[in-house]
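The values are calculated or read from the model by the stated rules, or taken from the named source; none is laboratory data. A quick note: this is a predicted structure, and the numbers were derived from the prediction, not measured. Methodologically, a virtual Cβ is constructed for each residue, glycine included, from the backbone with ideal geometry; neighbour enumeration extends over all protein chains shown.
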Amino acid sequence: MMKKDLHKESTAALLSELLNIPVENLDGNKLSDILEAPMAIKGVGAKKANKLYVIQEVVRRVLQEPPAPPLITGPQDVVRLFSRKLLYEPKEHFMLAIINAATRLIAAPTLSIGSLTNATVHPREVFQEALKYPCAAIIMVHNHPSGDATPSSEDIALTENLVKAGNILDIPVLDHIIIANHRFISMKEYGYMDKPITVTLPDLPQ
């Protein structure tokens, strides 16, 4: 029985293969009954029953493992994960997508809840939150309850400041995504983050 064909086999055929007993011994038995009392099946002794118990325990542990964090490959992934929370909020919410080195989302804190047209956030707060995690990069996400996803002048200025701060801290700002009225704008894809960034450092004492 080849691995690729296992999904085509009946439960009785799979158990027959696993326990090395005739499939006829299993016909007419529910899987739950077999697992509850395996030694009631002809040809299944203590050793084979124990094999079933071990498999049940392995499956139980697999099902209890937390799922892998979602993979972020582009703005569509971010929108899919955040739109359910942000789409119908009556106030602006500024959230942060914290990405690890495997480009998986490891945290999504809400940094600010503002008014209908504004959610104030400072770069210091953004990176303080990011540094709580094994962070390789960040993506900013916020909503526009007005339904217009066009970035405001404040959105553009904030993005520029965050990119500058990220360059200094070596935490890349990958994008700033605005969600509104079943559409979104990726400030990266629309070119708002493509202009050269000039980082000005304070003069050092002589």
- Query: Do we have any residue at all in segment 136-145 that's out of contact with any helix residue (DSSP H, G or I) (no Cβ under 9 Å at 6 or more places or on another chain) and on the phi > 0 side of the Ramachandran plot?
  - Reply: no
- Item | Among residues of segment 153-171, those that are assigned to a loop (DSSP other than H, G, I, E, B) and exposed (fewer than 14 other Cβ atoms within 10 Å of the Cβ), counted | 1
- Within segment 58-73, how many residues are surrounded by 10 or more Cβ atoms within 10 Å (Cβ to Cβ) and modelled with pLDDT of 90 or more? 2
- Query: Which one is modelled with the highest pLDDT, of the residues in segment 85-116 that are in a loop (DSSP other than H, G, I, E, B) and under 13 Å from Ile177 (Cβ atoms)?
  - Reply: Ala108
- Item | Residues located in segment 125-142, provided they are over 19 Å from the mean Cα position of the chain (by Cα) and not β-branched (Val, Ile, Thr) | Glu125, Phe127, Gln128
- Note on the structure: Selection from segment 132-144 of residues surrounded by fewer than 21 Cβ atoms within 10 Å (Cβ to Cβ) and either touching a residue at least 40 places away in the same chain (Cβ under 8 Å) or among the hydroxyl-bearing types (Ser, Thr, Tyr) (or both) yields Tyr133
- Note on the structure: Exactly one of Asp148, Asp155 is farther than 14 Å from Phe94 by Cα and either in the same structural domain as Phe94 (by TED's automatic domain parsing) or free of Cβ contacts under 8 Å to residues at least 12 places away in the same chain (or both), and that one is Asp148
- Task: Take Gln76 and decide whether it is surrounded by fewer than 14 Cβ atoms within 10 Å (Cβ to Cβ) and closer than 22 Å to Leu162 by Cβ.
- Result: yes
- Task: Kindly check whether there is at least one residue in segment 125-142 that is farther than 23 Å from Arg80 by Cβ and of a type in the set (Asp, Glu).
- Result: yes
- Item | Matching entry among Ile113, Ile99 (being in contact with an Asp or Glu (Cβ under 8 Å, 6 or more places away or on another chain) and of a type in the set (A, V, I, L, M, F, W, C)) | Ile113
- Task: Scan segment 1-43 residue by residue and report those that are surrounded by fewer than 12 Cβ atoms within 10 Å (Cβ to Cβ) and not in a loop (DSSP other than H, G, I, E, B).
- Result: Lys3, Lys4, Asp5, Leu6, His7, Lys8, Glu24, Ser32, Glu36, Ala40
- Query: Of the residues Gln76, Gln64, which single one is more than 30 Å from Asn25 (Cβ to Cβ) and more than 15 Å from the chain's Cα centre (by Cα)?
  - Reply: Gln64
